[in-house]
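We did not get these values from a lab; they are worked out from the coordinates using the rules stated. Since the model is a prediction, treat every value here as computed from it, not as a measurement. Here the Cβ positions follow ideal geometry from the backbone for every residue, glycine too, while neighbour counts run over all protein chains shown.
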Amino acid sequence: MSETNPAAAEAAPHRYTAALAAEIEARWQDFWDAEGTYAAPNPKGDLAGDPEVVARPKKFIMDMFPYPSGAGLHVGHPLGYIATDVYARFQRMTGHNVLHTLGFDAFGLPAEQYAVQTGTHPRVSTEANIKNMQVQLRRLGLGHDKRRSFATIDPDYYKWTQWIFLQIFNSWYDQDAQKARPISELVAQFESGERPVPGGRSWSELSSVERADLLSEYRLAYASDAPVNWCPGLGTVLANEEVTADGRSERGNFPVFKAKLRQWNMRITAYADRLLDDLDALDWPEAIKLQQRNWIGRSEGARVDFPIDGEKITVFTTRPDTLFGATYMVLAPEHPLVEKFTPDAWPEGTHEVWTGGHATPAEAVAAYRAQAASKSDVERQAEAKDKTGVFTGAYATNPVNGQKVPVFIADYVLMGYGTGAIMAVPGHDTRDFAFARAFELPIVCVVEPTDGRGTDPATWDDAFVSHDAKTVNSSGEHISLDGLNVTEAKARITEWLEREGHGEGTVNFRLRDWLFSRQRYWGEPFPIVYDEDGVAHALPESMLPLELPEVDDYSPRTFDPDDADTQPETPLSRNEDWVNVTLDLGDGPKKYRRETNTMPNWAGSCWYELRYLDPHNSEKLVDPEIERYWMGPREGMPHGGVDLYVGGAEHAVLHLLYARFWSKVLHDLGHISSAEPFHKLFNQGMIQAYVYRDSRGIAVPAAEVEERDGGYWYQGERVTRLLGKMGKSLKNAVTPDEICAEYGADTLRLYEMAMGPLDVSRPWDTRAVVGQFRLLQRLWRNIVDEATGEVTVVDTDDVDEDTLRALHKAIDGVRGDLEGMRFNTAIAKVTELNNHLTKRGGPLPRSVAEPLVLLVAPLAPHIAEELWRKLGHTDSVVHQDFPVADPAYVVDETVTCVVQIKGKVKARLEVSPGISEDELEKTALADERVVAALDGAGIRKVIVRAPKLVNIVPA
Ligand code: ANZ
């Protein structure tokens, strides 16, 4: 490149080179920091500021904050951060008060595992990683309000995470009011008798343990002995979401077992309906909304009771209309009623296929249960055709026709969904069909096939599944559904079931309560202590934050990964001095034991948007007025929230669902006005990179691969190339630091934004970066004399038409593109304008140079700031008004209009393509040549075909 050529450098000492970029960028970054250029004023409090700025419309623009990993950033990480920064800068230049900052999501396993390996305290390594990342991010020129940054590990921050936990613990969901309310209001209802205490006793008669147990049935955060995913290899329990489809831990790939443990849970299921309904008003990608809807999984159906031995088995079905086709039942192997109904011996003549060759039902059940326990829910639900199960020896009664139906256990029915029991309708459910065929169970057709297969299931290869067909074979003594369509039949049967006391219509959700305990060190301690009766007590707010104690060993005790009979042992439990405390919780000093689990990694990211608003408030999580200002509901945003949230699509469900849930609880309790955290969500694509592998399949350093003879070579060996993720392990990471050193941050920013539409994944190509560097060099050269460093701009009103058109078209296009987050096309338009100016040559008029610099400012802020200063301005480019196009120059070039008189061409006019018929007629008739040709003759008729033809018929 020319800038490395000493002769060229001598001839052009003021060329835009990497060295000059580095100097400019460092200087402006220092300036911005010193001036607080990106400080967004609050309406009150310690961050209050200029009322004129506060009075502007607000924009709260946010990124999914990073985990400060030890590896630092590669060029893929800042893609979203650069995009939000460009967008935020544009919003600042179009009259908004813009809040844009970035914190760190800093609790989590990697730091803990590093601590286990090296003995370094997780805080020490995490803080070092944060420092390193801050340096890397600062180098990119991101316009963050740094006063608002924090890390989730800061005690000042997690104090409020703990405080929110207590809010949730101390509240219950009032189904009538459809909102959370303080638990004290529930206690008052029990005390006054307004709400009867289950079991018939009065509140005052209950012991403290009984009261606590009763309340934990209602609390939104509650401890329960729940079946959990216990992973001995990691020494911790995992949320369902952290377990892979084949029943192993996502992290570490260890086996995961179902075990019963006392764990904290969050009753997110209480909010299922609202989490679903409120999605409608959010401006999110449809794909993400769909994933949330599926995750919540609302199913309308019925609960139906099947009598058995004077008791009943209740099933959940979405197809009560098929009740006449229910020929057997299935319970989940773990269903608590299994033992109860299992007889001592097989009924006379029980088929060998049903018994599985076992001597007694009890033996068959025990053997099958052991087999089922080793499979994950996902494996059990897989659509495999070979269904397994075993007969329990019991028969129940189909309430609709009195028929005896055999009761099986099979692992395709899950305990955690519906009631853990189903009525099987093999004619119309694929899994039931496969099972019925395997176990030689009757199959009845109750929904008339519409595909011509006929109504005899003996001839079918599969179930007939349809929601849009007529009911058949469904008439009994008490009710008939024949001839009704599915919807009508569902309504009729549900009404009958309710009337006869056999069941009721119900809604079922796939969503489960959120398992909230982790057996980890590096997380938020629970602000909970247990008294000598084991009753959980909330710590008072005055005891927050409850800080993490020092321990000798950070790791949870891990076990033989295959040993299911182990139990977690938490790191915090080893610090006996911390665990056993004497506290006065209002009734005198007493001995307590602290909770020794910690919160899951999701906790800190559930509410961080709120803390950005008022980060130093020591009295409140956030001041209500400040929250209302930045996040309150407004036109088009009925639930309020952040104006723009950018991050990866991998957070479609967990983080976004948990954060929505916490927002709703805080909203219900009156702490915040917004009921949704993120109004608009945007998922950026990924920056991919080529992975080169040798013949053994091992990744080789991408930077050392040569391309020749149509192939790729590493150390003389041919290697293969595939597009994949970027990262250290694939030896293809490129760091922003390298690119900044070679070209500067502005070039890196432009390159990342120019690579393609933001929501599309794109391959990184270091060799292409120079293209954007050249754009900046030409921009610089259009304004600055490379020999003297002087600005070449001239003050003149005399600007050629072509240049005005190029300028205003660019302004118009770039404005629309930045607003629409189409950064790649915005850069294309800037490039086009700049190329036009380069070709035009000569000194640039100031009236062109200045808007050009302003157009570039959101994208490449350092060079823009430098040029703005060189153009003689003393204030920062950051707060200038973004240029507005003159519409007169935006319309396309003119088109030629032919004017005819009696069919003969008399004149050609250059007109705007959008000209109206009236205007065109007037213009034609006023044209000198036309006036001359008419020579005073009157006009009979004018035919106008705008914009290309005017035909005049003289009188
Ligand atoms: C009878 C029936 C007939 C069903 C038919 C379906 C089709 P969604 O839509 O996902 O809510 N089911 C209920 N509980 C289950 C459990 N714990 N494990 C496995 N399967 C269970 O699915 C509801 C349907 O899944 C229910 O409706 C039930 O089968 C089954 F033609 O009942 B259905």
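Laid out as a table, the results:
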quantity: Long-range amide H partners of residue 328 with built H, under 5 Å; calculated: 424
quantity: Distant alpha-carbon pairs in region 534-666 (separation over 20 angstrom), percent; calculated: 65 percent
quantity: Length gained when the stretch residue 564-residue 530 is fully extended (0.36 nm per residue, less Cα-Cα span); calculated: 9.5 nm
quantity: Against the rule of thumb 2.2 N^0.38 Å, how large the Cα Rg of the chain comes out; calculated: 1.19
quantity: Least to most buried among 829, 404, 375 (fewest other Cβ within 10 Å first); calculated: 404, 375, 829
quantity: Computed magnitude of the charge dipole of region 623-713 (debye, nearest 20; Cβ of K, R +1, Cβ of D, E -1); calculated: 260 debye
quantity: Amide H contacts of residue 98 (H built 1.01 Å from N, under 5 Å, at least 5 apart or other chain); calculated: 59
quantity: Sorted peptide list for 254-266, 927-939, criterion being average Cβ within 10 angstrom, highest first; calculated: 254-266, 927-939
quantity: Mean separation of Cα contacts under 8 Å, 6 or more apart, over the residue count of region 40-143: relative contact order %; calculated: 33 percent
quantity: Nearest 10 degrees, 0 to 90: helix 769-783 Cα axis against the chain principal axis; calculated: 40 degrees
quantity: Reference-scaled alpha-carbon Rg (2.2 N^0.38 Å with N residues) for region 497-546; calculated: 2.08
quantity: Helix 183-192 vs. the chain, principal-axis angle (Cα, 0 to 90°, nearest 10); calculated: 40 degrees
quantity: Label-reachable residues, region 894-920, where backbone N falls under 12 Å from a point 7 Å from residue 948's Cα toward its Cβ; calculated: 895-898
quantity: Value of [θ]222 nm, deg cm²/dmol, for the chain, DSSP H segments ≥ 4, -39500 (n - 2.57) each, nearest 500; calculated: -10000 deg cm²/dmol
quantity: Nearest 10 degrees, 0 to 90: helix 79-93 Cα axis against the chain principal axis; calculated: 60 degrees
quantity: When region 354-460 is reduced to its Cα atoms, the Kirkwood hydrodynamic radius in Å; calculated: 15.2 Å
quantity: Size of charge dipole - region 572-685 - debye, nearest 20, with Cβ of Lys, Arg +1 and Asp, Glu -1, no other charges; calculated: 320 debye
quantity: For region 689-699, 3J(HN,Hα) per residue [Karplus equation, 6.51 cos²θ - 1.76 cosθ + 1.60, θ = phi - 60°, Hz, x = Gly/Pro]; calculated: 8, 6, 10, 10, 10, 7, 5, 7, x, 8, 5
quantity: Cubic angstrom per residue, convex hull over Cα atoms of region 292-352; calculated: 156 Å³
quantity: Long-range lysine pairs (8 or more apart or interchain), region 311-424, Cα under 26 Å; calculated: 9
quantity: Where only alpha carbons of region 445-571 are counted, the Rg and the Dmax (Å); calculated: 28.4, 73
quantity: Furthest towards positive pole of dipole, 279, 327, 182, structure part region 182-332, Cβ charges; calculated: 327
quantity: Packing rank of 517-523, 598-604, 9-15, where each peptide gets the mean count of other beta carbons within 10 Å, highest leading; calculated: 517-523, 598-604, 9-15
quantity: Ordering of 90-100, 232-242 by packing [mean C-beta count within 10 Å, highest first]; calculated: 90-100, 232-242
quantity: Options 315, 208, 715, ranked by Cα towards positive dipole end of the chain, top entry (Cβ charges); calculated: 715
quantity: Cα-centred dipole magnitude for the chain, charges only on beta-carbon of K, R (+1) and D, E (-1), debye, nearest 20; calculated: 1960 debye
quantity: For region 224-356: rounded, prolate or oblate by the Cα gyration tensor [a/c cutoff 1.5]; calculated: oblate
quantity: Neighbour net charge for residue 545 - beta-carbon separation under 10 angstrom, K R +1, D E -1; calculated: -3
quantity: Per-pair calculated FRET efficiency, R0 = 51 Å: residue 917 and residue 118 via Cβ, rounded to 0.05; calculated: 0.05
quantity: Per-residue ³J(HN,Hα) for region 230-246, Karplus 6.51 cos²θ - 1.76 cosθ + 1.60, θ = phi - 60°, Hz, x for Gly and Pro; calculated: 9, 10, x, x, 9, x, 9, 8, 10, 6, 3, 5, 9, 10, 7, 4, 9
quantity: Positive-end residue, region 334-378 charge dipole about Cα centroid, Cβ charges, pick of 337, 362, 372; calculated: 372
quantity: Region 536-546 - phi-based ³J(HN,Hα) in whole Hz, Karplus 6.51/-1.76/1.60, Gly and Pro as x; calculated: 7, 10, 6, 6, x, 3, 5, 8, 9, x, 8
quantity: Sequence-distant aspartates and glutamates (8 or more away, or on other chains) whose Cα lies within less than 19 Å of residue 131; calculated: 30, 33, 63, 105, 112, 145, 154, 156, 737, 738
quantity: Interchain or long-range residues, amide H under 5 Å from residue 678's placed H; calculated: 642
quantity: Diffusion constant of region 836-955 at 37 °C, which comes from Stokes-Einstein with the Kirkwood Cα-pair radius and 0.692 mPa s, µm²/s; calculated: 182 µm²/s
